[in-house]
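Reading through the structure tokens given below for one structure.
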Amino acid sequence: MVSEFVFATVQYESGDWDSAPLVPANLIDSVARYTSIPVSPTGVIVPLSSPDLMRYPLVYLTGHLPVRLSDAERRSLARYLDRGGMLFVDDHNHDVDGQFHKTVTDEIRRAAGPLVELPNTHPLYTTFFHFDDGPPTTSQELNGWGDNLVHRHLMAVVRGGRIVVLYSNKDYSSEWGYHPENKRFLSVDNTRLGVNIVVYALTR
Amino acid sequence: MVAQNGLAVALAAWTAAPPADTLHVHVDHVLDGQERDWLRALSSAGTTVSWSARSTLPALALEVQPRDDPMGGVTARVAAPRSARVQVGDAASPIDSMVLDARGGAITVPIASQPLSVRVGSSQATAASADSLLARRVVVLGRGGWEGKFVIAALEERGWLVDARLAVAPGIDVTQGTPEMLDTSRVAAVIALDSAADRDASRIGAFVRSGGGLVLEPEAAGRPAFVGLAAGGVARRERPASITVADAAPRRALAMSAIAPLHAGAVAIEWRDGRVAAAARRVGAGRVIQLAYDESWRWRMSGGEGSMEAHRRWWTQVVGAAAYQAFAHTATSSATDAAPLASLYAALGAPRPALDAGATAERHGLHLWMIFALGAMLLAEWGSRRLRGAP
């Protein structure tokens, strides 16, 4: 039995880490649907300060509220990223003036360094599905919610040519927060970028 | 003469003096290259040179080879008397010491200026590598997953050039470099992780038989496509229940598919709890290393301090053990003296018994005594003549 990919959501002590409970199942469904990567049918929730974090080299973090990490959480996150883990953070507020964005980007800077704009030609956008224009726009952006902006780029901390932190202000947590069976009502599956993130993490 | 610290001075005096017929050197240490050359020059100039030793001199030899590791470094192999304490060093300082058994010993020196030297007592051998390794690529083949990702990362962080093909869906691969080009002119070794390498099995077989290296993880080793290359069978996968990866011996905590039975000609190179965890086999001109581990990435992620470096180093050793090695000859320093006692035999022949040395010394003494006696006789003759009033 080979080790399978397990989708892991990060639990942190402050804020609302569990604001997007349907996202894991939806992305697990997409990975299983489109790829041959062995994937666990259920995700896990892993505390950021737990040694178990190291069992999941890709983790997902989201929320609406301010994120203030404890010292143990900061040490654990820094160690995780140093070892080769990848953190995917999505701003569930879709608001660059929001408290989640301001606080979590500060925590990312402290743990991993400053975020920079990820070019839309980055391999992340071609590693499985192709996104010629960069990250797909979300309905939350088009509806004018949050900061009323359409963000043209994702942000990232890159080390040695590899993304260690991927940061989105696009509110994919809302965009992907539905039951997987409802994909059949979409002309184009809007979780495809999530598949690219998983494939990128597993291969780069 | 008995050689002390001033042998060079004594040799200089001998060289400046009128030519002697014979010279015997009784030494208490293995002569160095300059002393040997000097004696050989005297021998070539017509002096019969022989030697003996006060006690048994240590037979010491040193070979230095480049490591198959992009980080550089060398492996020093030492032959010395059994139980001898050998000190290894370079021009800057001592590096390490070891006690040898009957088979000799080897030490890996990650960073050192060459030449290296080894010392046993007052004897010293010095050697430098005459070759340097040519860089070759490693090709990783498997499914997209944590093992492939972190094997690639470990090798690249160590300095290897890695090409890879990781299958992520039917007909869809994530590739890096040109993994399909398998030949020993550019590739040192292939790492086959799982069944996704099946489609390359025939090309990998040809590559190995022509001298390339192959590393098989358990799933690949158990595939029918690789049975002819594997070092052994693949036992049922087991995971230790009570050990965490953060322990001091992290490989003990990894899931393992023991290698059993070993195929004819295969040798075990790592054991865990009495079962074979790694085995090697020669196939044609190449080598195959079969591993019992398929989740080495957990060692890197969950291991204790230093586990990332240990994981990189271990993978480099595995690849280096299998890899096709291409050498480029480099200039050898003339300042080396890799086997001083053997060189002494080659230069001056076998030692002569100490009795001969005594005889030689007596012959020299006899000449001086005869000169003294002749002088005394001439003086007596002159005195006698003066007393007798003779002119």
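The values are calculated or read from the model by the stated rules, or taken from the named source; none is laboratory data. The shown structure was predicted, so the numbers you read here are calculated from the model rather than taken from an experiment. When we count neighbours, we look across all protein chains shown, and the Cβ atoms used for this are built from the backbone with ideal geometry, even at glycine. Heavy atoms of the whole protein, side chains included, go into the accessibility calculation; ligands, DNA and RNA do not. Shrake-Rupley method; radii C 1.70, N 1.55, O 1.52, S 1.80 Å.
General observations
- Farthest toward the positive end of the dipole of the range B:1-112, out of B:I107, B:A76, B:W51, is the Cα of B:W51, where the dipole comes from beta carbon charges about the Cα centre.
- Counting 0.36 nm for each residue step from B:R186 to B:T48 and taking away their Cα separation leaves a gain of 44.1 nm.
- Computed FRET value (nearest 0.05) for B:R282 with A:R68, which takes r as the C-beta separation and R₀ as 45 Å: 0.15
- Calculated FRET value between B:L379 and B:S55, using beta carbons and R₀ = 56 Å, to 0.05: 0.80
- Rounded if a/c under 1.5, otherwise prolate or oblate - the range A:137-183, Cα gyration tensor axes: oblate
- Overall form of chain A per C-alpha gyration tensor (a/c, 1.5; a/b vs b/c): rounded
- Approximate spin-label separation B:S202-B:A264, in nm, with each point projected 7 Å along Cα-to-Cβ: 2.6
- 10 Å Cβ neighbours from other chains, averaged over peptide B:142-155: 5
- Residue among B:P179, B:P115, B:P18 with the largest mean-square fluctuation in a Gaussian network model of chain B, springs linking Cα atoms under 10 Å: B:P18
- Residues A:E13, B:E305, B:E63 ordered from highest to lowest accessible area at a 1.4 Å probe: B:E305, A:E13, B:E63.
- Relative contact order (%) - criterion: Cα under 8 Å, at least six apart; region: chain B: 17
- Kyte-Doolittle at least -0.5, axis length at least 15 Å by Cα - qualifying DSSP helices, chain A: A:23-34, A:192-203
- Of the accessible area of chain B, computed with a 1.4 Å probe over protein heavy atoms only, carbon and sulfur atoms account for 57 percent.
- Placing +1 on each Lys and Arg Cβ and -1 on each Asp and Glu Cβ, with no other charges, gives the range B:135-325 a dipole about its Cα centre of roughly 380 debye.
- Note that the range A:19-167 presents 42 Å² accessible area per residue, ligands and nucleic acids not counted, probe 1.4 Å.
- Karplus-derived 3J(HN,Hα) values for the range B:272-281, using 6.51 cos²θ - 1.76 cosθ + 1.60 with θ = phi - 60°, are 9, 6, x, 10, 7, 9, 8, 9, 10, 8 Hz; glycine and proline are entered as x.
- Atom-type composition of the exposed protein surface of the range A:38-187 places 51 percent of the accessible area on carbon and sulfur (1.4 angstrom probe).
- Chain lengthening between B:S97 and B:D273 when straightened (0.36 nm per residue, less Cα-Cα): 60.4 nm
- Of all DSSP beta bridges confined to the protein assembly as shown, the antiparallel ones make up roughly 55%.
- Minimum 50 Å² accessible area buried by the other protein chains, the range A:1-33 residues, probe 1.4 Å, relative to alone: A:V2, A:S3
- Loop-located chymotrypsin sites (Phe, Trp or Tyr not before Pro) across the range A:79-140 with a Cβ neighbour count of 11 or fewer within 10 Å are lacking, with loop assigned by DSSP.
- Using heavy atoms of the protein chains and a probe of 1.4 Å, the accessible area assigned to B:R386 is about 150 Å².
- Heavy atoms of B:S202 accessible to a 1.4 Å probe, total area in Å² rounded to 10: 90
- Under the Karplus curve 6.51 cos²θ - 1.76 cosθ + 1.60, θ = phi - 60°, whole-Hz ³J(HN,Hα) for the range B:64-76, x wherever Gly or Pro sits: 10, 10, x, 7, 7, 8, x, 6, x, x, 9, 10, 9
- Area of A:K183 that stays accessible when all protein chains are in place (1.4 Å probe, Å², to 10): 10
- Three-way shape label, the protein assembly as shown, alpha-carbon gyration tensor, a/c 1.5: prolate
- Springs between Cα atoms under 10 Å define the GNM used for chain B, and in it the highest mean-square fluctuation of B:L182, B:L100, B:L229 occurs at B:L100.
- Computed with a 1.4 angstrom probe on protein heavy atoms, the A-B interface buries about 2300 square angstrom of accessible area in total.
- Table column - 3J(HN,Hα) (Hz), the range A:129-142, Karplus curve with 6.51, -1.76, 1.60, x for Gly and Pro: 7, 9, 10, 5, 9, x, x, x, 6, 9, 5, 5, 5, 5
- Among B:L39, B:L214, B:L11, the residue with the largest mean-square fluctuation in a Gaussian network model of chain B, with springs joining Cα atoms closer than 10 Å, is B:L11.
- Of A:W17, B:W14, the residue with the largest accessible area leads and the full order is B:W14, A:W17 (1.4 Å probe).
- Antiparallel bridges, percent of DSSP beta bridges restricted to the range B:135-325 (to nearest 5): 50
- Euclidean distance of C-alpha centroids, the range A:102-161 and the range B:9-54, integer Å: 80
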